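I have placed the structure first, in the form of structure tokens, so that the comments after it can refer back to it.
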Amino acid sequence: MDVEAIGLGKSYGDVRAVDDLAFTLRPGMVTGFLGPNGAGKSTTMRLMLGLDRGDGRTLWDGRTLVEQAPVTKVVGAHLDARFFHPSRTARNHLRMLATEAKVPQQRVDEVLTLVGLDSVAGKRPGGFSLGMAQRLGLAGAILAEPQVLLLDEPANGLDPQSIQWLRDFLRHYAQQGNVVFVSSHLLSEMQLMAEHLVVIAKGRLVADETLEAFVARSTRNDVLVRTTDVAALETALVSQGLAVVREGDDGLAVATSDTDLVGDTAFRAGVGVRELSRRSASLEEAFLELTSGDQQYATGGGQ
């Protein structure tokens with residue numbers, strides 16, 4: 001199932017939180033949803049699900065969500081870690097969802113065990129930690145084994161072991177031919193989890209591409225060369241139109257990913273090479289560089 005967002009838009013007063021946003025989610029991979037604070041990520045997900053009124057539409061395998069039956073088999077969403085009645089037990093919360101989704105009651109205990117909450121299934125989630133509440137929300141999202149998962153910051157409050165479990169689970173879920181669309185501010189974790197990225201800033205699309213292609217756009221990708229004659233090699237590299245920055249007493253950072261080009265230039269210049277290595281930007285470095293100036297610190301709609 002493909003999920004196609006078409007011309008999504010939403011305003012809060014004079015603030016355009018989401019502006020003519022369009023992208024397509026493909027099955028079989030985890031798609032990360034990134035953006036600075038206030039970029040419009042949560043609003044976008046709510047628009048996709050029809051929870052907020054706004055412009056545009058979202059097609060789920062070519063049809064709107066209201067045309068799908070049953071909806072719970074199409075999409076499972078977890079947008080709020082505390083979206084449950086605090087005095088209803090975790091098991092009864094999921095039983096209620098299972099009844100609505102026409103899912104066998106034994107599935108409730110299956111997902112409680114899967115997310116590691118079987119030992120507290122009879123307890124009221126009002127006293128749960130944020131991490132436990134997140135796992136209960138995920139249990140509800142996967143209860144009907146939907147073809148699409150939409151998760152908004154599901155790793156918030158999780159310990160490192162739980163984050164690793166979440167990463168492995170979501171990758172496995174996607175590999176079964178499902179769509180997984182997940183937002184997160186944990187960029188180092190997203191780099192390990194996602195294969196594709198949708199990046200927005202100020203409600204507008206910045207990137208819709210593979211993680212590898214997004215990172216490749218960063219100027220932090222370069223070649224480090226340490227040499228016996230920095231000045232001579234710098235002159236030779238600049239003469240070929242390459243940007244060069246000195247690093248330490250004997251190093252140059254060259255704005256290219258072509259180590260052969262740098263090595264051949266050093267050979268022709270007659271200088272020795274002590275080190276020659278390609279350096280790649282992290283997702284965090286690429287994200288901060290490519291969304292610089294788009295951070296929104298004001299509170300309110302459009303997070």
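What follows is calculated from the coordinates using simple rules that are stated; it is not laboratory data. Because the structure is predicted, anything quoted here is derived from the model rather than measured. Note that each Cβ is placed from the backbone with ideal geometry, even for glycine, and that neighbours are counted across all protein chains shown.
Farthest toward the positive end of the dipole of the chain, out of L233, L21, T58, is the Cα of T58, where the dipole comes from beta carbon charges about the Cα centre.
When you count, for each residue, the other Cβ atoms within 10 Å and take the mean per peptide, how do 86-93, 135-142, 4-11, 177-184 rank with the highest first?
Numbers: 86-93: 16.9, 135-142: 24.4, 4-11: 18.4, 177-184: 22.5.
Top to bottom by mean Cβ count within 10 Å: 135-142, 177-184, 4-11, 86-93.
Need one word for the stretch 1-65: rounded, prolate or oblate. Basis is the Cα gyration tensor (sqrt eigenvalues a ≥ b ≥ c); a/c below 1.5 gives rounded, then a/b vs b/c decides.
Verdict is oblate for the stretch 1-65.
Subtracting the Cα-Cα distance of F267 and R82 from their residue separation scaled by 0.36 nm leaves 60.4 nm. Taking θ as phi - 60° and the Karplus parameters 6.51, -1.76 and 1.60, the scalar couplings of the stretch 218-231 work out to 6, 6, 6, 7, 7, 10, 9, 10, 10, 9, 7, 9, 4, 4 Hz in sequence order, x denoting glycine and proline. A simple packing score, the average count of other Cβ atoms within 10 Å per residue, orders the peptides 189-197, 236-244, 273-281 as 189-197, 236-244, 273-281, with the highest score first. In terms of its C-alpha gyration tensor, the stretch 145-209 has an oblate overall shape, because the principal axis ratio a/c (a ≥ b ≥ c, square roots of the eigenvalues) is not below 1.5 and a/b does not outweigh b/c.
On a per residue basis, the convex hull of the C-alpha atoms belonging to the chain measures out at 162 Å³. Its DSSP H runs of at least 4 residues, each contributing -39,500 (n - 2.57), put the calculated 222 nm mean residue ellipticity of the chain at -10000 deg cm²/dmol, to the nearest 500.
Could you size up the charge dipole of the stretch 77-221 around its Cα centre, putting +1 on the beta carbon of Lys and Arg and -1 on that of Asp and Glu, and report it in debye to the nearest 20?
Dipole size: approximately 420 debye.
When only Cα pairs below 8 angstrom with a gap of at least 6 residues are kept, the chain shows a relative contact order of 23 percent.
Its residues counted as N, the stretch 159-303 yields a C-alpha radius of gyration over 2.2 N^0.38 Å of 1.37. Counting only lysines at least 8 places from K41 when in the same chain, those with an alpha carbon closer than 26 Å to its own are K10, K73, K202.
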